[in-house]
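**Q** Sharing a structure with you now.
The values are calculated or read from the model by the stated rules, or taken from the named source; none is laboratory data. If you're wondering where the values come from, they're calculated on a predicted model, not measured in any experiment. Backbone-built Cβ (ideal geometry, glycine too); neighbour counts: all protein chains shown. Ligands, DNA and RNA are stripped out before the accessible areas are found, and what is left, the full protein with its side chains, is counted by its heavy atoms. Shrake-Rupley method; radii C 1.70, N 1.55, O 1.52, S 1.80 Å.
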Amino acid sequence: VLLTGQEEAALSYRGATASLPQSAPAPYLVVDIGGGSTEFVLGIDEPIGASSVDMGCVRFTERFIESDPPRGEELSNAVGFAKDFMADVLREIPDAVAARTLIGLAGTVSAAVRIFKALPDYDRDAIHHAILTREDVEEVFREVATATHEERLATPGMEPERADVIVGGMCVLVAIMRTLGSTAIVHSEADILDGPFYFPSSCAWRRRPA
């Protein structure tokens, strides 16, 4: 079954928000940082706005990161370009700045949690719904952005296949949090694959109130 972009966004949103603890208040902004794009979905009980932009960990690594370790200019350019994309996101879903809980999906956020916690192996219970403050995220960013590739490979919590693209992904993540003024991000291991489990019969999209 082929899904529309809105249906995919709705399922990602529902998977990510279905089992959040009560301490995580709505509205929610779900952010899925992929290799070539990043998807944003804002909602309360249902999604009410979405945006997709062409920034991701692989795309930004290939475009901006040339040195080992990266030069400050490369990092600044990447973060600056990500902030430009965030301006596009906020034009499409201006209420994103009012989200009370930022939820991060996919490998970049998962890796940031594992690195911050120095987890040697994958442990879903340890990372699902883990919270990183903005200061925690900035600390991980500094750690990976000032390291060589070999040093990143030796970093506790770093998956070998993630070491090549983690800097590009972290540039995207810090730009998102800086632009939104977010104080923390909740990582969810539940995503689009879990959406049909929680909501098997509907992919309905709620329109933003006029």
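**Q** Can you tell me which of (1) open to solvent by 20 Å² or more (accessible area, probe 1.4 Å); (2) at pLDDT 80 or above; (3) of a type outside the set (S, T, N, Q) is the one Tyr13 doesn't meet?
**A** (1)
**Q** Still on this structure, please answer the following. For the range 117-135, which residues satisfy the criterion of being closer than 20 Å to Arg178 by Cα and in contact with a strand residue (DSSP E or B) (Cβ under 8 Å, 6 or more places away or on another chain)? Before you say what the answer is, go through the steps one by one.
**A** Keep residues of the range 117-135 that are closer than 20 Å to Arg178 by Cα, which gives 130-135.
Result: Ala130, Ile131, Leu132, Thr133, Arg134.
**Q** Here is a list: Ile65, Ile48, Ile44. Which entry is touching a Pro at 6+ places or on another chain (Cβ under 7 Å) and open to solvent by 30 Å² or more (accessible area, probe 1.4 Å)?
**A** Step by step, each of Ile65, Ile48, Ile44 is checked, and only Ile44 is touching a Pro at 6+ places or on another chain (Cβ under 7 Å) and open to solvent by 30 Å² or more (accessible area, probe 1.4 Å).
**Q** Return the pair list, or none, for Cβ contacts closer than 7 Å from residues in the range 147-165 that are in contact (Cβ under 8 Å) with a residue 40 or more places away in the chain to residues that are polar (S, T, N, Q) and open to solvent by less than 50 Å² (accessible area, probe 1.4 Å), at least 6 apart or on different chains.
**A** Final answer for the pair search is Ala147/Thr155; Asp164/Thr61; Val165/Thr61.
**Q** Restricting the search to the range 74-103, which residues are of a type in the set (Gly, Ala, Ser) and touching a Leu at 6+ places or on another chain (Cβ under 7 Å)?
**A** Ala96, Ala99
**Q** Consider the range 105-116. How many of its residues are modelled with pLDDT of 95 or more, in contact with a strand residue (DSSP E or B) (Cβ under 9 Å, 6 or more places away or on another chain) and not polar (S, T, N, Q)?
**A** Residues that pass the stated criteria total 4.
**Q** Same structure again: Out of Val58, Val89, report the one residue that is open to solvent by 40 Å² or more (accessible area, probe 1.4 Å) and of a type in the set (Val, Ile, Thr). Give the steps one after another, and end with the answer.
**A** Numbers: Val89 fails: open to solvent by 40 Å² or more (accessible area, probe 1.4 Å).
Being open to solvent by 40 Å² or more (accessible area, probe 1.4 Å) and of a type in the set (Val, Ile, Thr) holds for just one of Val58, Val89, which is Val58.
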